[in-house]
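What follows is a set of notes on a single structure, which appears directly below.
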Amino acid sequence: MAWRNIMASIFEAAINHVESTCTGESSEPAACARALVAAADALYTPLKPVDSGLGEARRVATMLASLVANTFIHMASKDKDMEFIKSVRSELEEVVKSEKPLEEVEAILEKTSTTMTPAKLDDAREAVLNEISEYIEPPQPTIPRRRRRQPRRPDPVQNIRRLVRDLGRRDPLLAKQIARLLKAKGIPA
């Protein structure tokens, strides 16, 4: 039960860090991209010691990183314009390639009074980049249709609900905690 509380507190600190960095009046795309990648790294850090060859910890960290990305999209689509999200994605493409965990990871972990060595997970970083890329450029439907219609932009709230539901299949108690945290932020989960 203790690890769930740690993961929930790190998730809350990551969401708060992304919100404070990305939704202010003077928020910069580069700082926002670093905050998103730092959140993905911070969510994997407590799971790295228990990450076995099965990859379950990686899947949980990737789901949580996708939740952070969709939460960012939800908040940014209210406050900012599409150009800001596009510029964050272009900055993300560079930040994702960094070899070491970012300095911001330690700041997120300090907020939860967790003392761990920061770790990075490429899967979680790629999940953040993919979620934002799919929002900007929605994927084309795979089945060809007679009429070519404009692909719909994915709804971040639907993605958040889907991710919480998928997380609930793996760990129902953690999913309930995450859903409670998101509802407290005003995001329907």
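Work out how far the C-alpha atoms of the chain reach from end to end along every principal axis, then list the three figures in whole Å, largest first.
Result, largest extent first: 54, 38, 33 Å.
Quick check for you: which residues of region 81-95 have the amide N under 15 Å from the point 7 Å beyond the Cα of Glu126 toward its beta carbon?
93
Round to the nearest 10 and report in Å² the accessible area of Ser90, as given by a 1.4 Å probe over the protein chains' heavy atoms.
Per-residue accessible area (Ser90): approximately 60 Å².
For Lys176, which aspartates and glutamates qualify as cross-link partners when the Cα separation must be under 12 Å and same-chain residues fewer than eight apart are set aside?
Asp166
With the other protein chains left in place, how much accessible area per residue, in square angstrom, belongs to the chain at a 1.4 angstrom probe?
Normalised by residue count, the accessible surface of the chain is 54 Å².
Let me know the charge dipole size of the chain about its Cα centre in debye, to the nearest 20, where only the beta-carbon of Lys, Arg (+1) and Asp, Glu (-1) is charged.
So the magnitude is around 1320 debye.
In straight Cα distance, which lysines are under 17 Å from Lys78, not counting same-chain residues fewer than 8 positions off?
Lys86, Lys183, Lys185
Give me the percent relative contact order of the chain, please, defined on Cα pairs under 8 angstrom at least 6 residues apart.
Over the chain, the number comes to 28 percent.
Within region 27-100, which trypsin sites (Lys or Arg not before Pro) sit in a loop by DSSP and count at most 16 neighbouring Cβ atoms inside 10 Å?
Answer in residue order: Lys97.
The values are calculated or read from the model by the stated rules, or taken from the named source; none is laboratory data. Not measured: the values here are computed from a predicted model. No Cβ is skipped: glycine too gets one built from the backbone with ideal geometry, and neighbour counts run over all protein chains shown. Ligands, DNA and RNA are excluded from the accessible area calculation, which covers all protein heavy atoms including side chains. Shrake-Rupley method; radii C 1.70, N 1.55, O 1.52, S 1.80 Å.
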